[in-house]
Amino acid sequence: MTPTFIPVLPQADAQTFLSELGPRGPRPRSWRTGRTRVEVPLADGDHLLAWLHALPGVAPADAPLVIHFHGLGSHADTGTQLGLSAKAHAAGLHSLRVNWRGAGGSEALGTGIASGIGWQDVADVVAHARRLGHGRIYLTGLSLGGAILLNALARCEPRLVVAGAVCISPPMNFGAAARSLTTRRNRFYDARFVWLLTRAIRRYVPRGKGGERLRPYLPKLSGLRSVYEFDDTVTAPALGLPDADTYHAAASPGPHLAAITVPTWVLTAADDPFVPVAGQRPPLEALPPGSPVSWTITDHGGHVGFFGRREHPAHPWEDAHWAENAAIRWILAQEAAAPTAP
């Protein structure tokens, strides 16, 4: 059973910022010192940069692995990604933090860009983890990363076989989220995302082996004022799509949730400042009886925020970052309920 979220500072924007700025508990020493660089090969020849935190003295097959995917314009070293990984490790789980294409200083490893239709990359990461000896695998995804996971679970089977997934604040409707970002109250978020995305392209061109393919977009970057414009000018054309609307429709996981066959928990907040709950509820409420997809919509929490009071009783590894705690609790509950692990 998921514990109740009791927010600290129940204002949506404060919650969103506290996901990165709020204080965190101590991280296991073995997690900090045992980090291993992993370059994950993809089907098209690119690679993703990831960081493996294996449990000391525990073989890959002897404990579950949790693979973590970040959100738009982000990377695997953000506070929330580090928090999820350290908590998984402290709870007795191997952990792998993955950078999407070009993120986290990995520009030289690929030619493509991260996008909402990158679900094949998820299948490739899981396949590589299995080659490393990991048997029972869980996934966590934040925001864009959560949406990509939902698409992967719905569209990559039977190639994608995992034990379960947790998706935090995943936009079910990319178009609704993009339109929300253009509103007056969300100008800060829209401007920040545009800055992060254009910075990524500017870094990719001189550093990445696919930089020359992206060079024609450089003169267009300075005039972009919204994520929608970025998707219309850069993302869609780079993916071979005609416009942002086509890309948003292709990337939206909402219409495909019913195809998911593995246990999946979706967590979102009714006060998410730029992923409107009106676009979140319909696909979740339309899930058929018996669907393995469960969902929680809290009154407060912002976007990937969920900074709240620590639960009592709590695990030693828990802190005020409630969504991280709840994600690892959910995985542990799945393990406890599962038949004998392979």
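The values are calculated or read from the model by the stated rules, or taken from the named source; none is laboratory data. If you're wondering where the values come from, they're calculated on a predicted model, not measured in any experiment. Methodologically, a virtual Cβ is constructed for each residue, glycine included, from the backbone with ideal geometry; neighbour enumeration extends over all protein chains shown. Note: areas computed on protein heavy atoms with side chains; ligands, DNA, RNA excluded. Shrake-Rupley method; radii C 1.70, N 1.55, O 1.52, S 1.80 Å.
The amide H of ALA165, built 1.01 Å from its N in the peptide plane, has LEU139, THR264, TRP265 as neighbours under 5 Å, considering only residues 5 or more places off or on other chains. Separation of the stretch 240-280 and the stretch 32-88, taken as the distance between their Cα centroids, equals 24 angstrom. Across the chain, the mean sequence separation of Cα contacts (distance under 8 Å, 6 or more residues apart), normalised by length, yields a relative contact order of 23 percent.
For the options ASP190, ASP44, ASP13, a Gaussian network treatment of the chain with springs between C-alpha atoms closer than 10 Å singles out ASP44 as fluctuating the most. Rounded, prolate or oblate, given the Cα gyration tensor of the stretch 87-217, with a/c below 1.5 counting as rounded? Note, shape of the stretch 87-217 comes out oblate. For the stretch 150-183, applying the loop criterion from DSSP together with a ceiling of 16 other beta carbons within 10 Å to the trypsin sites (Lys or Arg not before Pro) yields ARG159.
Taking a ≥ b ≥ c as the square roots of the eigenvalues of the alpha-carbon gyration tensor, the stretch 1-155 is classed oblate because a/c is 1.5 or more while a/b is no larger than b/c. Separation of the stretch 110-135 from the stretch 200-229 is 24 Å, based on Cα centroids. Here the dipole of the stretch 184-256 is about 520 debye; that uses its Cα centre as origin and unit charges on the Cβ of Lys and Arg (positive) and Asp and Glu (negative). Largest mean-square fluctuation among ALA269, ALA91, ALA323, in a Gaussian network model of the chain whose springs join Cα atoms under 10 Å apart, belongs to ALA91. Calculated mean residue ellipticity at 222 nm for the chain: -10500 deg cm²/dmol, from DSSP H runs with n ≥ 4 weighted as -39500 (n - 2.57), summed, divided by the residue count and rounded to 500. Rolled with a 1.4 Å probe across the full set of protein chains, the surface gives TYR247 an accessible area near 10 Å².
In a reduced charge model with +1 at each Lys and Arg Cβ and -1 at each Asp and Glu Cβ, the chain shows a dipole moment near 820 debye about its Cα centre. Where both bridge residues fall in the chain, DSSP classifies roughly 35% of the beta bridges as antiparallel. Per residue, the accessible area of the stretch 224-324 comes to 40 Å² when a 1.4 Å probe rolls over the protein heavy atoms. In terms of the mean number of neighbouring beta-carbon atoms within 10 Å, the peptides 294-300, 29-35 order highest first as 294-300, 29-35.
Across the options SER115, ALA147, PRO273, the greatest Cα extent toward the positive end of the charge dipole of the chain (unit charges at beta carbon of Lys, Arg, Asp, Glu) belongs to SER115. In terms of the Cα gyration tensor, with a ≥ b ≥ c the square roots of its eigenvalues, is the stretch 267-318 rounded because a/c is under 1.5, prolate because a/b exceeds b/c, or oblate? It comes out oblate by the Cα gyration axes.
Charges were assigned to the Cβ only: +1 to each Lys and Arg, -1 to each Asp and Glu. The resulting dipole of the stretch 103-168 about its Cα centre is roughly 260 debye. Here the contact order of the stretch 274-342, divided by its residue count and restricted to Cα pairs under 8 Å and six or more residues apart, works out to 19 percent.
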